[in-house]
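Written out below as structure tokens is the structure these notes cover.
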Amino acid sequence: MPKSCTLCSTPRSILIRCQIDETQQWHFVGTGACWKPVSGGVEGARGLENEYPHYRYGGMWKDRSADGPVSAKKPRKVKERRKEEARRRVNADKEEEDRED
């Protein structure tokens, strides 16, 4: 049986368990539009700790009774896109540091 996203109340078969605010309560957040604004769209908010200081990843929840296979595995193109975005962030940070010096 699907659980509902704590932010939008939409039933989902895959949710991310995470802490998103200063209350440090665990939330079940949908993997799409709800998760990106609270985490920056990066697992563990790696490299974005200053922007998302309260975010803490706590694992995936999957509805095992769903029809057919339920997978939270990201397609290769998504992984490659996220790696490229991370590289761009690092390069932008380095350029900013160079300008400050």
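Exactly one of (1) more than 20 Å from residue 79 (Cβ to Cβ); (2) part of a loop (DSSP other than H, G, I, E, B) is unmet by residue 38. Its number?
Here residue 38 clears every test but (2).
Return the total of residues in the range 29-41 being surrounded by fewer than 18 Cβ atoms within 10 Å (Cβ to Cβ) and not polar (S, T, N, Q).
The number of residues fulfilling the criteria is 5.
Out of all the residues in the range 40-66, which are closer than 22 Å to residue 2 by Cα and out of contact with any Pro (no Cβ under 7 Å at 6 or more places or on another chain)?
57, 58, 59, 60, 61, 62, 64, 65, 66
Counting only residues that are farther than 21 Å from residue 82 by Cβ and aliphatic (A, V, I, L, M), which one in the range 1-54 is nearest to the chain's Cα centre (by Cα)?
In this case the residue turns out to be 7.
Can you pull out the residues in the range 1-18 that are more than 10 Å from residue 61 (Cα to Cα), touching a strand residue (DSSP E or B) at 6+ places or on another chain (Cβ under 8 Å) and of a type in the set (S, T, N, Q)?
4, 6, 10
Scan the range 59-101 for residues that are at pLDDT below 75 and either surrounded by 12 or more Cβ atoms within 10 Å (Cβ to Cβ) or outside any loop (DSSP other than H, G, I, E, B) (or both) and report the count.
Result for the range 59-101: 4.
Taking the residues in the range 1-20 that are part of a loop (DSSP other than H, G, I, E, B) and either modelled with pLDDT under 90 or of a type in the set (Val, Ile, Thr) (or both) as candidates, determine which candidate is surrounded by the fewest Cβ atoms within 10 Å (Cβ to Cβ).
Ranking the qualifying residues of the range 1-20, first place goes to 1.
The values are calculated or read from the model by the stated rules, or taken from the named source; none is laboratory data. Remember, predicted model here, so these are calculated numbers, not experimental data. So basically every Cβ, Gly included, is an ideal-geometry build from the backbone, and we count neighbours across all protein chains shown.
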